[in-house]
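Taking it in order: structure first as C-alpha cells, then the write-up.
The values are calculated or read from the model by the stated rules, or taken from the named source; none is laboratory data. Note that the structure is a prediction, hence the values are computed from the model and not measured. As a convention, Cβ positions derive from the backbone with ideal geometry for all residues, glycine included, and neighbour counts pool all protein chains shown.
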Amino acid sequence: MSGAHILVVDDHGPLRQALEGLLRAEGYRVTVAADGLEGLGVLDRLVPDLIIADIMMPRMDGLAFLAAVRARADGPTIPFIFLTARADDTAVTGGAAGPAPATLRKPFAPDELLALVRARLAHGRWSDAPAAEEREGAQAGEGSRA
C-alpha cells in the first residue's frame, strides 16, 4: 500500500530519522513524534494508516500511548507495530479495543520491518473507517474538546 501514511513514535532521534528515511524511500508518507505525548498531538491533526512506536520512551511510554490511542474514537482501527529492545515485550496485547500490536525486537533488519509494515497495511484498517483521514478541515466547525 504505497502512499500510506505512517506515524513513527520513537525517542531515539537517529533511529527515528532512519525509520523515516527507510519508509519514505518505499513511498510511504511519514510523520514522526519523539514520544507518546507528541504522538497524541499528531493524532489531533491526522489519522495514520499505521503506527510504529517504541515501547520504552520518556513522558509517555509505548504501552500508555497504545492505551490512549485505543481510547480515541478512531484509535481502535489503526494497526500498530511496537519496536522493543527488551526480550520480555513479546506478549503485548491490544486490550479490549483494537487488535494486538505486532512486536519487532531491536536490532532488526530493514527488510524485517518493511515486511511487517506491508503485512499490517495489507490487512487494512480494523473496521470500515476511512484510512489516513485528515481531520484539520473536519474539526474546524466542531466545538472545543474536553
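Here are some notes:
- Hey, VAL47 touching a helix residue (DSSP H, G or I) at 6+ places or on another chain (Cβ under 6 Å), among the β-branched types (Val, Ile, Thr), crowded, with 19+ Cβ neighbours inside 10 Å and at pLDDT 70 or above or not: no
- Residue check, ALA87 modelled with pLDDT under 90, exposed (fewer than 15 other Cβ atoms within 10 Å of the Cβ) and in contact with a strand residue (DSSP E or B) (Cβ under 8 Å, 6 or more places away or on another chain): yes
- For the stretch 56-78, residues that are among the aliphatic types (A, V, I, L, M) and either buried (at least 21 other Cβ atoms within 10 Å of the Cβ) or without any contact (Cβ under 8 Å) to a residue 24 or more places away in the chain (or both) total 5.
- For ILE81: the one exception among (1) more than 20 Å from GLY13 (Cβ to Cβ); (2) out of contact with any His (no Cβ under 8 Å at 6 or more places or on another chain): (1)
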